[in-house]
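Written below as structure tokens is the structure these notes are about.
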Amino acid sequence: MKFADLIADRAGVYAGLKQGVLIGIAVLAVTIQPSGSATSRLSSRSAPPALAVAIPAAPQAAEFGEVQPGDDARGIADWVATSRDNRRLAFAILDKRAAQIYVFNADARLVGTSRVLLGAAPGDDSVAGIGQRPMDQVRPEEKTTPAGRFISHPGRNASGEEVIWVDYDAAVSMHRVRIVDPKEHRLQRLATGAAEDRRISYGCINIPVEFFDAVMKPLLGASQAVVYVLPERKALADVFPAYVARNSTIQTSIRHEKRG
């Protein structure tokens with residue numbers, strides 16, 4: 001073989017190898033894209049860690065013990081248990097319609113549940129720029145608790161109060177219930193069984209002090225976690241499309257296993 005032909009053959013081999021490597025990288029990038037809702041409000045400071053997560057072959061059920069949640073809360077919890085969307089982090093599900101929060105460890109076992117206080121106004125979105133506005137400039141209809149999938153992280157608010165940030169840009173956090181105005185009767189509202197009575201905040205999630213200290217702080221107040229806030233006006237499919245796409249198969253399989 002002539003020297004020129006040998007060079008040409010080697011060039012062809014190298015080109016083929018280069019093309020194969022580039023294709024392999026592209027396939028890998030598509031394969032490892034993280035799952036989750038397109039409506040998540042995530043900033044660069046709160047991006048989930050890049051972890052290799054083994055997805056179970058069969059649908060899994062979250063462990064609620066004796067607690068009986070609503071259908072949407074149970075469905076989201078089972079989806080997280082199956083898909084590992086929580087990325088091995090503790091997570092919480094906030095059912096706004098019931099004004100109830102469910103807190104799980106990384107293995108989808110319920111650690112505790114509690115009534116909470118929520119934004120006074122119904123709605124599933126925060127008004128643009130509301131996190132930069134003084135509280136006295138927030139109109140009544142803007143006091144919403146946004147729905148979506150959030151990466152939470154512990155921190156402190158402008159008053160130095162210990163909080164768990166849910167949506168930092170919108171200034172939405174979870175914190176111990178505070179008596180802002182005695183006329184609001186926040187402690188009495190937490191004690192009531194009517195969910196509509198627990199709509200009083202500017203959008204933050206007020207947690208009973210004992211529950212915050214015993215459950216929230218150890219699990220969500222020490223590091224990043226995932227918070228799933230269920231919608232009250234939007235369709236679940238609009239907020240959690242990845243869940244809805246798999247929900248039918250997951251729930252059907254789980255029901256069959258329980259019957260068997």
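The values are calculated or read from the model by the stated rules, or taken from the named source; none is laboratory data. Not measured: the values here are computed from a predicted model. Counting neighbours? That spans all protein chains shown, and the Cβs are built from the backbone with ideal geometry, glycine included.
Would you confirm whether any residue within the range 229-241 is in a helix (DSSP H, G or I), closer than 24 Å to Arg139 by Cα and either touching a helix residue (DSSP H, G or I) at 6+ places or on another chain (Cβ under 6 Å) or among the hydroxyl-bearing types (Ser, Thr, Tyr) (or both)? Full working, then the answer.
Initial filter on the range 229-241 (in a helix (DSSP H, G or I)): 236-239, 241.
Those left that are additionally closer than 24 Å to Arg139 by Cα: none.
No - not one qualifying residue is present in the range 229-241.
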When you scan the range 168-190, do you find a residue that is touching a helix residue (DSSP H, G or I) at 6+ places or on another chain (Cβ under 8 Å), surrounded by fewer than 16 Cβ atoms within 10 Å (Cβ to Cβ) and of a type outside the set (A, V, I, L, M), even just one?
yes
Report yes if some residue within the range 199-210 is buried (at least 16 other Cβ atoms within 10 Å of the Cβ), farther than 10 Å from Leu118 by Cβ, polar (S, T, N, Q) and at pLDDT 95 or above; otherwise report no.
no
Quick check on the range 121-142: of everything there that is acidic (Asp, Glu) and under 25 Å from Ile101 (Cα atoms), which residue is surrounded by the most Cβ atoms within 10 Å (Cβ to Cβ)?
Asp124
Where Ala147 falls short, out of the listed (1) closer than 20 Å to Gly70 by Cα; (2) exposed (fewer than 15 other Cβ atoms within 10 Å of the Cβ)
(2)
Across the range 188-210, which residue is nearest to the chain's Cα centre (by Cα) among those that are closer than 15 Å to Glu141 by Cα and among the hydrophobic types (A, V, I, L, M, F, W, C)?
Cys204
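Answer yes or no: is there a residue in the range 186-200 that is farther than 19 Å from Ala98 by Cα, out of contact with any Gly (no Cβ under 8 Å at 6 or more places or on another chain) and among the small types (Gly, Ala, Ser). Walk me through how you get there before you give the answer.
Let us first name the residues in the range 186-200 that are farther than 19 Å from Ala98 by Cα, namely none.
Scanning the range 186-200 turns up no residue that is farther than 19 Å from Ala98 by Cα, out of contact with any Gly (no Cβ under 8 Å at 6 or more places or on another chain) and among the small types (Gly, Ala, Ser).
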Only one of Thr82, Thr113 is polar (S, T, N, Q), surrounded by 15 or more Cβ atoms within 10 Å (Cβ to Cβ) and without any contact (Cβ under 8 Å) to a residue 60 or more places away in the chain; which?
Thr113
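Of all residues in the range 143-162 being over 19 Å from Ala99 (Cβ atoms) and in contact (Cβ under 8 Å) with a residue 40 or more places away in the chain, which is farthest from the chain's Cα centre (by Cα)? Spell out how you get there, then give the answer.
Here is the first cut: in the range 143-162, the residues over 19 Å from Ala99 (Cβ atoms) are 149, 151, 153-162.
Of the ones still in play, those that are also in contact (Cβ under 8 Å) with a residue 40 or more places away in the chain are 149, 151, 153-154, 162.
Numbers: Arg149: 3, Ile151: 6, His153: 11, Pro154: 14, Glu162: 20 Å.
Among them, the one singled out is Glu162.
May I ask you to say which residue of Ala222, Ala158, Ala170 is in a loop (DSSP other than H, G, I, E, B) and over 28 Å from Val80 (Cα atoms)?
Numbers: Ala222 fails: over 28 Å from Val80 (Cα atoms); Ala170 fails: over 28 Å from Val80 (Cα atoms).
Of the residues listed, the single one that is in a loop (DSSP other than H, G, I, E, B) and over 28 Å from Val80 (Cα atoms) is Ala158.
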Need the failing condition index for Phe212 against (1) assigned to a loop (DSSP other than H, G, I, E, B); (2) within 20 Å of Val103 (Cα to Cα), just the number.
(1)
